[in-house]
Amino acid sequence: MSYLMIFISAIFVNNIVLSQFLGICPFLGVSKKISTAAGMGGAVCFVMVLSTIVTYLIYHNLLLPFNLTFMNTVVFILVIASLVQMVEIVLKKTSPSLYQALGIFLPLITTNCTVLGVALLVIQKDYNLINSVFYALANSLGFSLAIILFAGLRERLAFANLPKAVQGAPIALITAGLLSMAFMGFSGIGN
């Protein structure tokens with residue numbers, strides 16, 4: 001599969017949030033403002049690519065040779081949590097301003113199932129390391145695009161005159177459904 005097709009497919013056709021429904025919690029919870037959505041998207045990009053590289057290497061150099069592939073989910077969760085903690089510690093020491101800017105987003109990534117989902121999908125799709133990195137980058141960009149678009153829509157909806165029955169979570173879910181349907185329009189691209 002070409003790198004361009006990996007990018008188009010992961011960002012638009014099979015968007016990790018809008019098509020595969022992974023990462024719904026941060027998608028709904030951190031999407032009230034574009035600035036927080038962009039911060040979360042950037043943090044997810046960094047951690048998803050880094051964790052995909054590390055989990056790929058652990059899977060192919062440790063789990064697969066020793067026939068421990070049944071442990072991949074548990075090992076991947078531990079690796080992702082450890083990486084997030086290490087990144088948080090390094091950022092706190094080396095770049096306090098970036099650490100402050102990311103704020104709560106780094107710990108939230110530990111429980112973001114898109115990171116684990118991509119690490120598992122790379123193994124399931126039997127990608128090599130380069131394709132895995134491109135796939136992780138494309139999925140993180142797709143996550144970022146979806147959450148920023150959704151945040152923009154939610155900011156606009158905050159000023160709309162809505163009936164009480166649909167204010168808050170109901171209109172957010174309706175909007176997420178409509179956004180998901182809009183991305184379905186890209187489904188013919190990969191064929």
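The values are calculated or read from the model by the stated rules, or taken from the named source; none is laboratory data. Computed from a prediction, not measured in an experiment: that's the story for all the values here. All Cβ positions, even for glycine, are placed from backbone atoms using ideal geometry, and neighbour counts span all protein chains on display. Remember, those area values only see protein heavy atoms, side chains included, never the ligands or the DNA or RNA. Shrake-Rupley method; radii C 1.70, N 1.55, O 1.52, S 1.80 Å.
Please identify which residues in the stretch 120-148 have an amide N closer than 19 Å to a label point set 7 Å out from the Cα of Ile104, following the Cα→Cβ vector. Counting backbone N atoms under 19 Å from the label point, the list is 147-148.
For the stretch 148-191, with all protein chains present and a 1.4 Å probe, just round the carbon and sulfur fraction of the accessible area to a whole percent. Provide the component values of the computation, followed by the final result.
Working: 2050 of 3000 Å².
C and S atoms contribute 68 percent here.
If you take every residue apart from Ile148 with its C-beta less than 14 Å away from the C-beta of Ile148, what net charge results, scoring Lys and Arg +1 and Asp and Glu -1? Taking every other residue near Ile148 into account, the sum is +3. A Förster radius of 30 Å combined with the Cβ-Cβ distance from Lys92 to Asn161 puts the calculated FRET efficiency at roughly 0.10. Projecting the Cα atoms of Phe134, Ile34, Ser95 onto the charge dipole of the chain (Cβ charges, centred on the Cα centre) puts Ile34 farthest toward the positive pole.
For the peptides 104-114, 162-172, 37-47, the ranking by packing is 37-47, 104-114, 162-172, with the highest mean count of neighbouring Cβ atoms within 10 Å listed first. Using 29 Å as the Cα-Cα cut-off, could you pick out the over-long pairs in Lys32/Lys164; Lys33/Lys125; Lys33/Lys92; Lys93/Lys125? As for pairs spanning more than 29 Å Cα to Cα, those are Lys33/Lys125; Lys93/Lys125. The relative contact order of the chain comes to 45 percent, based on Cα pairs under 8 Å that sit 6 or more residues apart. Our helix-only sum for the chain, with -39,500 (n - 2.57) per DSSP H run of n ≥ 4 divided by its residues, gives a mean residue ellipticity at 222 nm of -22000 deg cm²/dmol. Each Lys and Arg adds +1 at its Cβ and each Asp and Glu adds -1 at its Cβ; summed about the Cα centre, the chain shows a dipole of about 440 debye.
Reducing the stretch 65-82 and the stretch 97-125 to their Cα centroids gives an inter-centroid distance of 16 Å.
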